[in-house]
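*Asks:* I'd like to ask some things about the structure below.
We did not get these values from a lab; they are worked out from the coordinates using the rules stated. Please read these numbers as outputs of a predicted model, since none were measured by experiment. Heads up, the Cβs are rebuilt from the backbone with ideal geometry, glycines too, and the neighbour counts pull from every protein chain shown.
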Amino acid sequence: MKLLLSKKKERFLFHPSLTKLITHKLNYVYNIVGVNYLLIILSLIFTAFFSNLNGQTSKTVKKVVHSFQIPEDYLREPENIPSFWITTVDEVTKFLKNNVYKGQVEIIGKSAGGNPIHAVFYGKPRQGKGTTTFSGSLGFGNVGAYRGPDHKKTVYMGMSAVHGGEFEGIVGTVNLISVIETGKDLRGKEWPEITAIVAKLDRIILIPIVNPDGRARIPLRMEAYRDTDFTVAEFLNTGGKPNGTITGWPQIKEFIPTDFTRPGFPGGYPNDAGVNLQHDNFLGKRQPETQALFNLTERERPDLIINMHTGSVYMLMDHPLGEPALHPAFDTLFKYVHTGLALNGLQYTKDPKIEGDPARASTGVYNLDGALNFNCGALSVVVESPSHGFSGKNEAGEPALQTPDMLLDAQLICHQEAMRFLVETGGRSVWTPGRKR
Ligand SMILES: [Zn+2]
């Protein structure tokens with residue numbers, strides 16, 4: 001039996017190094033043969049024209065054609081996908097276009113594959129500039145010298161889908177935007193505490209999909225739930241062989257950039273240049289997505305960045321490898337968020353003393369969050385969500401089922417408590433203004 005489906009999509013691509021709009025075509029051909037699902041991305045070959053001061057020149061940019069193989073069953077979706085479950089690049093773009101009125105939508109950069117990265121902004125940005133670099137302000141002993149005259153204003157940033165196969169954070173960010181815009185999430189549930197806290201923050205920046213290339217590589221709105229079997233979720237994230245075996249975590253990190261010519265599927269971790277943005281070459285040649293985050297955070301100088309991922313049994317915040325001076329602020333943040341989650345039945349126990357203990361957090365390696373910390377002084381933390389595709393096991397060895405509703409609640413409670421922490425503790429300039437010399 002052979003079934004051939006094809007979907008053509010045409011769009012405009014603006015490459016920063018070019019001066020003219022150029023068009024290219026993306027064709028996805030879904031070729032189902034037996035158990036193998038062949039996803040071919042074709043015709044990424046286009047001619048780009050650009051000019052320089054000496055006159056017109058032209059250059060042909062050739063992108064490689066990749067074919068990815070995913071077992072057919074791995075691309076099964078649930079029969080009923082909840083209406084609040086907005087996760088694809090197209091769905092998110094449409095949602096932002098139709099639902100953002102109080103905020104401003106801005107394209108903060110383009111991915112390696114040419115996809116726009118959207119951010120939504122609320123409130124007023126910091127006014128004025130500092131007089132020194134962030135490093136200089138630490139040496140001087142006052143971060144206000146970097147953060148500028150209104151350095152005490154509070155700026156919150158939330159971002160999701162640095163890894164394209166981790167959909168929960170996208171759902172959370174989109175629904176948080178809905179709450180800020182209307183007071184309700186996309187289920188119609190009201191969040192009066194979020195509304196009250198948002199009013200006390202000076203600035204909020206939300207990025208639903210940091211890695212649109214990785215997200216677009218996975219042709220699914222929602223994964224089917226597979227009890228405690230994580231094979232499919234892991235395959236979609238970290239990639240694997242044509243027979244469906246997974247590359248796995250952390251093995252996926254041994255090769256950056258990923259070789260897209262290898263048979264099978266590279267997963268949703270990397271951008272179209274094959275780079276896992278959480279582990280970019282931060283001090284060297286950065287990927288365009290990372291550069292967009294660096295530019296944005298330098299411009300906005302956020303106090304707190306919540307970097308939403310998927311990969312825990314119950315929602316869990318990681319301790320970033322960054323400035324030691326921020327450790328006490330992290331511990332307080334951890335208490336706020338995990339107390340909120342425990343009291344709402346979204347942790348192992350309902351005991352805030354147990355769940356809110358920051359000693360539970362493991363310290364990450366040098367990665368995007370440490371890099372953002374050193375770029376702009378923000379406390380930047382990874383939060384790992386459970387997956388909608390499978391259940392982890394609790395301490396009794398039983399499946400810790402998190403329904404899509406619970407996953408969304410956890411996302412919104414995390415943002416709510418993280419924002420409350422920022423409002424009540426006053427931000428970077430209060431947490432650790434600097435060491436006087
Ligand atoms: Zn991740």
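*Asks:* Determine, from the Cβ-Cβ distance of K353 and T228 and an R0 of 35 Å, the FRET efficiency 1/(1 + (r/R0)^6), rounded to the nearest 0.05. Let's see the in-between values first.
*Replies:* Numbers: r = 29 Å, r/R0 = 0.82.
For K353 and T228, the calculated efficiency is 0.75.
*Asks:* When the dipole is taken about the Cα centre of segment 215-364, and only Lys, Arg (+1) and Asp, Glu (-1) are charged at their Cβ, what size is it in debye, to the nearest 20? All intermediate terms of the calculation are to be shown ahead of the outcome.
*Replies:* Numbers: 15 positive and 18 negative charges, 57 e Å.
Roughly 280 debye for segment 215-364.
*Asks:* Okay, next question. Going through segment 314-378, which trypsin sites (Lys or Arg not before Pro) have at most 13 other Cβ atoms within 10 Å and a DSSP loop state? Please list the in-between numbers first.
*Replies:* Values: sites: K335, K350, K353, R360; in loops: K350.
For trypsin sites (Lys or Arg not before Pro) across segment 314-378 that sit outside H, G, I, E and B with at most 13 neighbouring Cβ atoms in 10 Å, the list reads K350.
*Asks:* For F255 and D150 in one chain, what is 0.36 nm times their gap in residues minus the Cα-Cα distance, to one decimal in nm? Provide the component values of the computation, followed by the final result.
*Replies:* Numbers: separation 105, 0.36 × 105 = 37.80 nm, distance 4.29 nm.
Length difference between fully extended and current span is 33.5 nm.
*Asks:* Under the rule of at least 5 residues apart or a separate chain, name every residue whose amide H is placed under 5 Å from the amide H of A400.
*Replies:* Amide H neighbours of A400, under 5 Å, 5+ apart: G392, K393, N394.
*Asks:* If I model a spin label as a point 7 Å beyond the Cα along the Cα-Cβ vector, how far apart are those points for L321 and T245 in nm?
*Replies:* According to this spin-label approximation, the distance is 3.0 nm.
*Asks:* Within straight cross-link reach of K124, meaning Cα distance under 15 Å, which aspartates and glutamates are found once same-chain residues fewer than 8 apart are removed?
*Replies:* E106, D150, D202, E300, D303
*Asks:* Note down the net charge around D202, summing +1 for each Lys or Arg and -1 for each Asp or Glu among other residues with Cβ under 10 Å from its Cβ. All intermediate terms of the calculation are to be shown ahead of the outcome.
*Replies:* Numbers: positive: K124, R126, K152, K153, K200, R203; negative: D150, D303.
Surrounding charge for D202 is +4.
*Asks:* Just to confirm a number: summing +1 for Lys and Arg and -1 for Asp and Glu over residues other than F390 whose beta-carbon lies under 11 angstrom from that of F390, what do you get? Spell out each step's value before the answer.
*Replies:* Numbers: positive: R226, K393; negative: E223, D227, D229, E234.
With Lys, Arg at +1 and Asp, Glu at -1, the net is -2.
*Asks:* Ok, one more. At a Förster distance of 25 Å, what's the computed FRET efficiency of R435 paired with Q291, Cβ-Cβ distance as r, to 0.05? Could the numbers behind the result be given before it?
*Replies:* Details: r = 30 Å, r/R0 = 1.20.
Efficiency, rounded to the nearest 0.05: 0.25.
*Asks:* Hey, with R₀ at 60 Å, roughly what FRET efficiency would N394 and K129 work out to, going by the Cβ-Cβ distance, to 0.05? Before the final figure, lay out the partial values.
*Replies:* On the way: r = 50 Å, r/R0 = 0.83.
So the FRET efficiency works out to roughly 0.75.
*Asks:* Cut-off 20 Å, label point 7 angstrom out along Cα-to-Cβ of R221: give me the residues of segment 78-103 whose amide nitrogen falls inside.
*Replies:* Flagged as within label range: 78-100.
*Asks:* Within the set K200/K353; K110/K241; K129/K200; K152/K200; K129/K153; K110/K285, which residue pairs have Cα atoms separated by over 19 Å? Spell out each step's value before the answer.
*Replies:* On the way: K200/K353 27 Å; K110/K241 29 Å; K129/K200 23 Å; K152/K200 13 Å; K129/K153 13 Å; K110/K285 16 Å.
Violating the 19 Å Cα-Cα cut-off are K200/K353; K110/K241; K129/K200.
*Asks:* For segment 349-392, what is the charge dipole size about the Cα centre, in debye to the nearest 20, if Lys and Arg each add +1 at the Cβ and Asp and Glu each add -1 at the Cβ?
*Replies:* 40 debye
*Asks:* Taking +1 at the Cβ of each Lys and Arg and -1 at the Cβ of each Asp and Glu, which of Y225, P212, P250 sits farthest along the dipole of segment 209-255 towards its positive end, judged by Cα position relative to the Cα centre?
*Replies:* P212
*Asks:* Let me check I've understood the local charge: for S111, count other residues with C-beta under 9 angstrom from its C-beta, Lys and Arg +1, Asp and Glu -1. What total comes out?
*Replies:* -2
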